[in-house]
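The values are calculated or read from the model by the stated rules, or taken from the named source; none is laboratory data. Remember, it's a predicted structure, so these values are computed and weren't measured experimentally. All Cβ positions, glycine included, derive from the backbone under ideal geometry; neighbour counts span all protein chains shown. Keep in mind that these areas ignore ligands, DNA and RNA; they rest on the heavy atoms of the full protein, side chains included. Shrake-Rupley method; radii C 1.70, N 1.55, O 1.52, S 1.80 Å.
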Amino acid sequence: MICQECNERPATMHFTKIINGVKTEFHLCEKCAQEKGEKFSSDWGKSFPFDNLLAGLFNFDPAIQLFKQETAPDPDVLRCNHCGMTLNQFLNTSRLGCPHCYETFQHQLVPILQRLHGGNVAHEGKIPARIGGAIYTKKKLQELKAALQEAISQEEFEKAAELRDQIRALEGSSQAKGGEQ
């Protein structure tokens, strides 16, 4: 394919712009692309503003828009105590400043992660078939114990008693399996 601008050199840059639903395709040689001001090169990882792309995705997330409108009067108020990053900086760069930012911006990250991961916010991982039963039982016990603590804190004692019985039954069955092996 020949460059659409100079009609001389082969087009090495192919990109598509969509503005207000109108799709426009460009096929340019590297020289014409540089002259037009497009930042494309053979090493696109350094010149392509990937962070800006992610920040744009975050900013168009309806959950973030709702958060900006209702929850936070000023996104610069919410700030990480360790690195000083504000929510506004995170939304513009799509990068967190330190590991503590995950805790600071937890309520804002959950809707973003749910959208990006199809509704999932907890890493499930894969379980090897050979030892999957023991891992599944251990994970189920952890979930039940967390639910038990939640029920106790909510003063739902009947639910807590049911969860306690489930935990005991699961622990009993796992000990019985452990004793057989």
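Contact annotation: residue pairs with Cβ atoms under 7 Å, 6 or more positions apart or on different chains, pairing a residue in segment 79-91 that is under 16 Å from Val110 (Cα atoms) and at pLDDT below 85 with a partner that is open to solvent by less than 10 Å² (accessible area, probe 1.4 Å) and among the small types (Gly, Ala, Ser), are Leu91/Ala55. Cβ-Cβ distances below 8 Å connect the following pairs, each with a first residue in segment 137-148 that is at pLDDT below 90, a second residue that is loosely packed, with under 12 Cβ neighbours inside 10 Å, and a separation of six or more residues or different chains: Thr137/Ser173. Applying a threshold of 6 Å to beta carbon distances and a minimum spacing of six or more residues, or different chains, the list of pairs starting in segment 6-18 at a residue that is part of a loop (DSSP other than H, G, I, E, B) and ending at one that is surrounded by fewer than 11 Cβ atoms within 10 Å (Cβ to Cβ) reads Ala11/Met1. Of all residues in segment 19-58, which are modelled with pLDDT of 55 or more and part of a loop (DSSP other than H, G, I, E, B)? Once the filter is applied, which keeps residues that are modelled with pLDDT of 55 or more and part of a loop (DSSP other than H, G, I, E, B), segment 19-58 yields Asn20, Gly21, Cys29, Lys36, Gly37.
If you go through segment 151-167 and keep only what is acidic (Asp, Glu) and open to solvent by 100 Å² or more (accessible area, probe 1.4 Å), you end up with Glu155, Glu158, Glu162.
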